[in-house]
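Novice: Here it is, the structure, as structure tokens.
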Amino acid sequence: MSVMGVWAVAAIDDAQLSALSAALADLLDEYRSTEAFARYVELMAWWEHGGDAEDFFEPVPGRSWLRPTAAAERFATLIDVANPGSQTYGDSAERFVELMPHGGEGTFAATARKASPAAALHYGLGAARSALLPGRFGEFALKHAEVAAALAGVEQALALTGQGRSQVLERSRRWLAEYGDAPEADAEELLDGPLRVLRLAAATGQGAVGVVAWY
């Protein structure tokens, strides 16, 4: 049975966002008392203190493809336990999706077979750069003032050029192709799409929401 990882980011009016913010805050309050949250804290310490520099993929003798290492599996677990919305996907995440606009410049959505697009981007960026992004590994609800405050960090993390951009794209593509089964996925849009939406939200007085899910 195949699964599809989904990551969506959308600009949304503050008035509509208040319900999402409250729902996410309630999820986080409940989540802090769970074993999954304790695992998140443990894995974040690993990721932030050199885990992102470990070998996530290794060659397979006699094969042309790479296989994930224990570090890659550890990072995939971190992504899973970081986001209470994706952990409890159902009513809460459905509320998020229902309120998000669909289509247009104010919306970004990425899908990948057997892989999380948010994981691919954050692995590509590494711990220091990805820490500049809002929320937890792609999941957030920001009012306009919070978007404006976060934008400088987002620009620093995502508005990359030259060798820095190439390195991030190479790592992101490796995650999509070798951890998942999505070699055709658009890694460049993982950098450009969320940045476009957050710039638009900041310029138009809107907030923004990010949702991570599996189907």
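The values are calculated or read from the model by the stated rules, or taken from the named source; none is laboratory data. These numbers were taken from a predicted model, which means no experiment stands behind them. Quick reminder, even Gly has a Cβ in these numbers, built from the backbone with ideal geometry, and neighbours come from all protein chains shown. Note: areas computed on protein heavy atoms with side chains; ligands, DNA, RNA excluded. Shrake-Rupley method; radii C 1.70, N 1.55, O 1.52, S 1.80 Å.
Novice: Just one of (1) of a type outside the set (S, T, Y); (2) at pLDDT below 85; (3) open to solvent by less than 90 Å² (accessible area, probe 1.4 Å) trips up D29, so point out which.
Specialist: (3) is the only condition that D29 fails.
Novice: Kindly provide the set of residues from segment 172-200 that are farther than 28 Å from E54 by Cα and touching a Leu at 6+ places or on another chain (Cβ under 8 Å), ordered by number. Full working, then the answer.
Specialist: Just the residues of segment 172-200 that are farther than 28 Å from E54 by Cα, to begin with: 196-200.
Hits for segment 172-200 are L198, R199.
Novice: Also, I was wondering about something else. What residue, of A23, A72, is under 21 Å from P117 (Cβ atoms) and not in a loop (DSSP other than H, G, I, E, B)?
Specialist: Working: A23 fails: under 21 Å from P117 (Cβ atoms).
The unique qualifying residue is A72.
Novice: Determine if segment 156-170 includes at least one residue that is open to solvent by less than 20 Å² (accessible area, probe 1.4 Å) and within 20 Å of L66 (Cβ to Cβ).
Specialist: Yes, there is a match, as at least one residue in segment 156-170 is open to solvent by less than 20 Å² (accessible area, probe 1.4 Å) and within 20 Å of L66 (Cβ to Cβ).
Novice: Does A128 satisfy the criteria of being over 10 Å from the mean Cα position of the chain (by Cα), open to solvent by 20 Å² or more (accessible area, probe 1.4 Å), at pLDDT 95 or above and more than 26 Å from D181 (Cβ to Cβ)? Steps first, please.
Specialist: Values: over 10 Å from the mean Cα position of the chain (by Cα): yes; open to solvent by 20 Å² or more (accessible area, probe 1.4 Å): yes; at pLDDT 95 or above: yes; more than 26 Å from D181 (Cβ to Cβ): yes.
Spelling it out, A128 is indeed over 10 Å from the mean Cα position of the chain (by Cα), open to solvent by 20 Å² or more (accessible area, probe 1.4 Å), at pLDDT 95 or above and more than 26 Å from D181 (Cβ to Cβ).
Novice: Counting only residues that are in contact (Cβ under 8 Å) with a residue 60 or more places away in the chain and among the small types (G, A, S), which one in segment 136-154 is surrounded by the most Cβ atoms within 10 Å (Cβ to Cβ)?
Specialist: G138
Novice: Looking only at segment 33-77, which residues are open to solvent by less than 70 Å² (accessible area, probe 1.4 Å), among the aliphatic types (A, V, I, L, M) and touching a residue at least 24 places away in the same chain (Cβ under 8 Å)?
Specialist: A36, L43, M44, L66, A72, A76
Novice: Now a separate question. Are any residues in segment 157-171 of a type in the set (S, T, Y) and either touching an Asp or Glu at 6+ places or on another chain (Cβ under 9 Å) or over 21 Å from D55 (Cβ atoms) (or both), and if so, which ones?
Specialist: Narrowing segment 157-171 to residues of a type in the set (S, T, Y): 161, 166.
Once the filter is applied, which keeps residues that are of a type in the set (S, T, Y) and either touching an Asp or Glu at 6+ places or on another chain (Cβ under 9 Å) or over 21 Å from D55 (Cβ atoms) (or both), segment 157-171 yields only T161.
Novice: For segment 173-187, enumerate the residues that are surrounded by fewer than 22 Cβ atoms within 10 Å (Cβ to Cβ) and within 15 Å of the chain's Cα centre (by Cα). Reasoning before the result, please.
Specialist: Start the filter on segment 173-187 by keeping residues that are surrounded by fewer than 22 Cβ atoms within 10 Å (Cβ to Cβ), which leaves 173-174, 177-178, 181, 183-184, 186.
Across segment 173-187, the qualifying residues are R173, D186.
Novice: While we're on this one: Test each condition in (1) over 24 Å from L17 (Cβ atoms); (2) in a helix (DSSP H, G or I) for D181 and report the one that comes out false.
Specialist: Looking at each condition in turn, D181 falls short on (2).
Novice: Got a sec? Which of S18, S64 is among the small types (G, A, S), more than 16 Å from E139 (Cβ to Cβ) and not in a helix (DSSP H, G or I)? Even if it seems obvious, please write down each step before you answer.
Specialist: Numbers: S18 fails: not in a helix (DSSP H, G or I).
On inspection, the qualifying residue turns out to be S64.
Novice: Kindly list, by first and then second residue, each pair from a residue in segment 1-17 that is within 19 Å of W214 (Cβ to Cβ) to a residue that is open to solvent by less than 20 Å² (accessible area, probe 1.4 Å) and assigned to a strand (DSSP E or B), limited to pairs with Cβ atoms under 6 Å and residues at least 6 apart or on different chains.
Specialist: These pairs meet every condition: G5/A112; V6/A213; W7/A110; W7/V212; A8/V211; V9/F108; V9/G210; A10/V209.
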